[in-house]
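Novice: Right, I'll just put the structure down here and ask away after.
The values are calculated or read from the model by the stated rules, or taken from the named source; none is laboratory data. Just so we're clear, the structure is a prediction, and the values are computed from it rather than from any experiment. Here Cβ is always computed from backbone atoms with ideal geometry, including for glycine, and neighbour counts include all displayed protein chains. Side chains included, ligands, DNA and RNA excluded: accessible areas come from the protein's heavy atoms. Shrake-Rupley method; radii C 1.70, N 1.55, O 1.52, S 1.80 Å.
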Amino acid sequence: MEKTNKITKEAIQKLESLLTDIVLNSLGTVSWSERVHAVEEDSGNFKIRFYSDGLNLSAKTGIEEFIRLHLTSQNISNFSVYFERKEKPAPSPSADKTNPQQQPQETHSHQAAPPKSADMRPPSGKRPITGVDRIIAVASGKGGVGKSTVSVNLALALHNQGYKVGILDADIYGPSVPTMLNVHQDPLVNENNKIIPPEAYGLKVMSFGFFAPEETAVIWRGPMIMKALQQFFWDVEWGKLDFLIIDLPPGTGDAQLTLVQSIPITGSVIVTTPQNVALLDAVKGIAMFRKTEVPILGVVENMSTFTCPSCGTETHIFGTGGADRVSEKFEVPLLGHIPLIPEIRESGDAGEPLTSKHNHNVRIRFAEIAEKVVKNAISLSK
Ligand SMILES: Nc1ncnc2c1ncn2[C@@H]1O[C@H](COP(=O)(O)OP(=O)(O)OP(=O)(O)O)[C@@H](O)[C@H]1O
């Protein structure tokens, strides 16, 4: 229904300067301020137009949520946010003049934009990890959904594809990566006082489990955990890595927030099971990453189906189609489904991940997931 209350020129100017303030003060860089393109009246609503060049979907959603939060706190709710490309300079001789991608194009915020630009560089304050090209955080809003299983098998699948990979088990309360990779030796320290990560299955591995037995870990407090984690980022001799996989602690609390804000994470992978409680937590994970401007590479649905080993009947123990719905609704890629099979637990407990076994069906599934992760990660980063 069309609104009748007219928006005055003064109101538009006020909102324009408020937006510039919000964007300048809070998002921090000059290039962001240049993104506020115009504020216009549209049938009694404010139409806020942003330049979207180089912003991916996560970034656009993040901006939109950010603006919404600030404006609703100022009692402004009659607005919509639009993204559009800047007019391009004259095309270079090699440019395809018929390519519609070259034309300025208006999109509402829920539409994909071209990947990668200088704006995807880590905001200041984040400190890179020397030698590490891309950092991928594996997260779940809820514990026990298979985050460590996915981290380990994703790391190995990337290694199988020829990448140099490290895995950091940042899960203080349940460091299961040493067990899953059967690596229990104490890390050594080199002459530069850097911790040398042990290797297993070709992966460089670091874990709280090497330092803190589980029964003492639970008494660790936030600042201690953060300090230890920061040592794992910057005081470990990771060497040259194409990917560092970080198995985050479950949940979306302060620890996770601080963690994702202290290093330049290329993207996140969210693990969920198909039942509603896990999906709700996965949505919290999506919100956390969007709030912190960490791109979401996609969602993995673990424990999708169970096939009875004796009769072959397929059962959806935790429900069906949940991650697909989350993927569609929140516009995050669906990376794949991993079935619930006893062999995954057994191999995890035995320290022999299934992705280390040739021709195993689970290896093939993780190879497909890894391919999508690489594709999405490369398209997002420089
Ligand atoms: N697809 C699967 N099929 C069978 N068992 C699985 C599957 N995925 C994970 N498991 C088992 O479920 C248990 C929990 O998995 P995992 O430790 O990976 O979860 P998590 O989310 O990291 O847990 P936490 O919250 O404790 O860190 C493990 O014993 C693991 O081997």
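Novice: Hey, residue 325 hits all of (1) out of contact with any Phe, Trp or Tyr (no Cβ under 7 Å at 6 or more places or on another chain); (2) crowded, with 19+ Cβ neighbours inside 10 Å but one; which does it fall short on?
Specialist: (2)
Novice: Next up: What are the pairs with Cβ atoms under 8 angstrom where one residue, in the stretch 240-258, is farther than 15 Å from residue 155 by Cα and the other, located anywhere, is aliphatic (A, V, I, L, M) and away from the ligand (no atom under 12 Å from the Cβ)? Sequence gap at least six, or different chains.
Specialist: 249/255; 252/287; 252/288; 255/225; 255/226; 256/288; 257/288; 258/226
Novice: Additional query: Restricting attention to the stretch 298-307, does a residue exist that is assigned by TED's automatic domain parsing to the domain that holds residue 375 and surrounded by fewer than 17 Cβ atoms within 10 Å (Cβ to Cβ)?
Specialist: As a first pass, look at the stretch 298-307 and keep what is assigned by TED's automatic domain parsing to the domain that holds residue 375: 298-307.
Next cut, surrounded by fewer than 17 Cβ atoms within 10 Å (Cβ to Cβ) only: 306-307.
Yes, because at least one residue in the stretch 298-307 is assigned by TED's automatic domain parsing to the domain that holds residue 375 and surrounded by fewer than 17 Cβ atoms within 10 Å (Cβ to Cβ).
Novice: Enumerate the pairs (first residue in the stretch 186-213 and on the phi > 0 side of the Ramachandran plot; second residue anywhere and open to solvent by 20 Å² or more (accessible area, probe 1.4 Å)) with beta-carbon separation below 6 Å, excluding pairs fewer than 6 apart on the same chain, so at least 6 apart or on different chains.
Specialist: Taking only residues 6 or more apart or on different chains, the pairs are 201/356; 202/159.
Novice: Only residues that are more than 7 Å from the ligand (Cβ to nearest atom), over 20 Å from residue 296 (Cβ atoms) and of a type outside the set (A, V, I, L, M, F, W, C): list them for the stretch 129-155, please.
Specialist: Result: 130, 131.
Residues are listed down the side, and each one gets a yes or a no for (1) more than 14 Å from residue 157 (Cβ to Cβ); (2) in contact with a Phe, Trp or Tyr (Cβ under 6 Å, 6 or more places away or on another chain); (3) surrounded by 18 or more Cβ atoms within 10 Å (Cβ to Cβ):
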residue	(1), (2), (3)
282	yes, no, yes
314	yes, no, no
329	yes, no, no
343	yes, no, no
350	yes, no, no
369	no, no, yes
379	yes, no, no
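Novice: Got a number for residues in the stretch 223-267 being under 15 Å from residue 137 (Cβ atoms), crowded, with 16+ Cβ neighbours inside 10 Å and within 16 Å of the ligand (Cβ to nearest atom)?
Specialist: 12
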